[in-house]
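Novice: Sharing a structure below in structure tokens format, with a few things to ask.
The values are calculated or read from the model by the stated rules, or taken from the named source; none is laboratory data. Quantities reported herein were computed from a predicted structural model and do not represent experimental measurements. For neighbour counting, all protein chains shown are included, and Cβ atoms are generated from backbone atoms with ideal geometry for every residue, glycine included. The area values use the complete protein model at the heavy-atom level, side chains included, leaving out ligands, DNA and RNA. Shrake-Rupley method; radii C 1.70, N 1.55, O 1.52, S 1.80 Å.
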Amino acid sequence: QVQLVESGGGLVQAGGSLRLSCATSRSIFSLNDMGWYRQAPGKQRELVATITLASRTTYLDSVKGRFTISRDNAKSTVYLQMNSLRPEDTAVYYCNSMPFKFGWGRGTQVTVSS
């Protein structure tokens, strides 16, 4: 069974930082570009950041300069370092391949208070 396990979310004040982790299977990690997605209440899920197998990255305009995506090949884990967080970053964050092909994990809740 495919597994994507997100962790690292929490409650933080505006301007704070969090580091999200996504652990997955080696078969997924080694064969796919990966992405972090988020879904805020009442909104559609959106792609926040991507990282290719060659570690090239792209970002949603609103997070450029604040978020950094990375991948650890030895651990089959994708990270999202989030700095200078804003209330509008509040959402459930998910990882998946990019484009997404696998069942969604439970996600990790990020709440940014003003």
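Novice: For Tyr94, what is the net charge nearby, where nearby means another residue's Cβ is under 9 Å from its Cβ and Lys, Arg count +1, Asp, Glu -1?
Specialist: Summing Lys and Arg as +1 and Asp and Glu as -1 gives +2.
Novice: Still on this structure: When the chain is modelled as a GNM with alpha-carbon springs shorter than 10 Å, which of Val48, Val63, Val78 fluctuates the most?
Specialist: Val63
Novice: Of the residues Asn83, Asn73, Asn32, which exhibits the maximal mean-square fluctuation in a Gaussian network model of the chain defined by a 10 Å Cα contact cut-off?
Specialist: Asn73
Novice: Keeping all protein chains in position, work out how much accessible area Leu20 exposes to a 1.4 Å probe, and write it in Å² to the nearest 10.
Specialist: Its heavy atoms expose roughly 0 Å² to the probe.
Novice: Springs between alpha-carbon pairs under 10 angstrom, Gaussian network model over the chain: which of Asp33, Asp61, Asp89 fluctuates most?
Specialist: Asp61
Novice: Run the dipole for the chain about the Cα centre, Lys and Arg Cβ at +1, Asp and Glu Cβ at -1, nothing else charged, and hand back the magnitude in debye, nearest 20.
Specialist: For this selection, approximately 120 debye.
Novice: Right, here's the next one. I'd like the FRET efficiency for Thr52 and Ala14, computed as 1/(1 + (r/R0)^6) with the beta carbon distance as r and R0 of 35 Å, rounded to 0.05.
Specialist: Efficiency, rounded to the nearest 0.05: 0.65.
Novice: Suppose every K and R has +1 on its Cβ and every D and E has -1 on its Cβ; what is the size of the dipole of the stretch 69-108 about the Cα centre, in Debye to the nearest 20?
Specialist: That gives a dipole near 160 debye.
Novice: Give the separation of the Cα centroids, the stretch 1-37 to the stretch 60-114, in Å.
Specialist: For the stretch 1-37 versus the stretch 60-114, the Cα centre distance is 6 Å.
Novice: What percent does the relative contact order of the chain come to when contacts are Cα pairs within less than 8 Å and at least six residues apart? Each step should come with its number before you reach the end.
Specialist: Numbers: 271 pairs, mean separation 42.4, N = 114.
Over the chain, the number comes to 37 percent.
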